[in-house]
1. Taking into account only those residues within the stretch 232-241 that are in contact with a helix residue (DSSP H, G or I) (Cβ under 9 Å, 6 or more places away or on another chain) and open to solvent by less than 80 Å² (accessible area, probe 1.4 Å), which is nearest to Asn93 (Cα to Cα)?
2. Run Ala190 past the list (1) open to solvent by 40 Å² or more (accessible area, probe 1.4 Å); (2) of a type in the set (A, V, I, L, M, F, W, C); (3) modelled with pLDDT of 85 or more and report the number of the one that doesn't hold.
3. Show the residue pairs that are 6+ apart or on different chains and have beta-carbon atoms under 9 Å apart, the first residue being within the stretch 190-204 and at positive phi and in contact (Cβ under 8 Å) with a residue 24 or more places away in the chain, the second being of a type in the set (S, T, N, Q) and open to solvent by 40 Å² or more (accessible area, probe 1.4 Å).
4. Report, by residue number, each residue of the stretch 201-214 that is open to solvent by 60 Å² or more (accessible area, probe 1.4 Å) and among the polar types (S, T, N, Q).
5. Go through (1) modelled with pLDDT of 80 or more; (2) part of a helix (DSSP H, G or I); (3) surrounded by 15 or more Cβ atoms within 10 Å (Cβ to Cβ) and name the single condition Val217 misses.
6. Which one is farthest from Asp127 (Cα to Cα) among residues in the stretch 168-187 that are of a type outside the set (Val, Ile, Thr) and open to solvent by 60 Å² or more (accessible area, probe 1.4 Å)?
7. At pLDDT 80 or above, within 30 Å of Lys4 (Cβ to Cβ) and open to solvent by 50 Å² or more (accessible area, probe 1.4 Å): which single residue out of Phe59, Phe74, Phe65, Phe86 fits that description?
8. Could you grab me the full set of residues in the stretch 156-167 that are without any contact (Cβ under 8 Å) to a residue 12 or more places away in the chain, assigned to a helix (DSSP H, G or I) and either of a type outside the set (Val, Ile, Thr) or open to solvent by less than 70 Å² (accessible area, probe 1.4 Å) (or both)?
Amino acid sequence: MKFKAAFHYRFRTQLTLIACYLVFFFVLLGILPLIVSHLSTSGFHGNGSTDLVGPAMVFVLLISFNGIQSDFRFFIQNGISRLNFFLVNLLINFLVSMGVSFILVCIQKFISYNFIKNIDYHLNIVDVYARGDFSQSIVLFSLLLFLVSSFALLAAIFNDRFSTRQKVITLAILIALPIMFSIFSQSDTASSIAFSKFFVWALGLQSSLPSISHFSVTLTILTSGIFLIAYPLNKRRIIQQ
């Protein structure tokens with residue numbers, strides 16, 4: 001199986017999943033206004049509100065994790081190299097991130113504002129940085145989804161490569177890291193103050209208007225770092241029986 005054939009196979013699979021996600025989404029798009037209208041007649045006043053970013057992140061996380069885990073044995077046994085398998089999933093994740101972000105930004109900007117009167121659809125974290133700009137919203141949303149899908153790719157490879165004990169140890173470290181970071185950031189040492197300033201800068205929050213460029217660079221660096229870890233792990237990945 002060559003790169004092109006593997007790409008077409010994965011692309012068709014992901015398109016099917018995206019179509020199912022959108023069907024489910026549009027069903028909710030029709031049902032939620034009816035629920036809010038019913039609540040309005042029952043004494044509830046105001047518009048309902050829902051976020052589009054969180055569900056999209058969960059969706060991309062799940063299909064990326066399942067994609068690289070379920071098809072590995074099939075691709076390797078049909079002659080595709082580990083490098084091509086990795087690149088196919090990388091490209092598919094990028095295209096899925098771009099496609100989903102474009103569709104949801106269009107829904108938020110055009111459909112919900114023009115046709116849905118009693119439900120407000122938000123892109124919460126994206127709107128903070130893009131401030132309603134159409135192209136910037138798509139780019140930032142795509143980077144965010146690409147980071148999530150890349151993390152799922154790494155998690156799937158890690159899940160296959162390591163034993164249960166190693167997984168438990170790694171999970172314990174990941175849980176402990178935010179606690180350690182919180183303790184460290186609350187101290188008054190020069191190093192903790194410098195790190196806190198760098199963290200704020202990386203998130204683009206150093207001024208009253210959040211910087212989309214700083215945050216985008218941070219997302220790109222994190223995604224690149226995940227690739228640097230995931231590639232050697234995938235290169236030594238064994239076929240599960």
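1. Residue satisfying both the conditions and the ranking: Asn234.
2. (3)
3. As it stands, the answer is Gly204/Ser213, since those pairs meet every condition given.
4. Gln206, Ser207, Ser208, Ser213 - these are the residues of the stretch 201-214 that are open to solvent by 60 Å² or more (accessible area, probe 1.4 Å) and among the polar types (S, T, N, Q).
5. So the condition that Val217 fails would be (3).
6. Leu171
7. Working: Phe59 fails: open to solvent by 50 Å² or more (accessible area, probe 1.4 Å); Phe74 fails: at pLDDT 80 or above; Phe86 fails: open to solvent by 50 Å² or more (accessible area, probe 1.4 Å).
After ruling out the rest, the residue left standing is Phe65.
8. Arg165, Gln166, Lys167
The values are calculated or read from the model by the stated rules, or taken from the named source; none is laboratory data. Model, not experiment: these values are computed from the prediction. We place every Cβ from the backbone using ideal geometry, glycine too, and count neighbours over all the protein chains shown. Remember, those area values only see protein heavy atoms, side chains included, never the ligands or the DNA or RNA. Shrake-Rupley method; radii C 1.70, N 1.55, O 1.52, S 1.80 Å.
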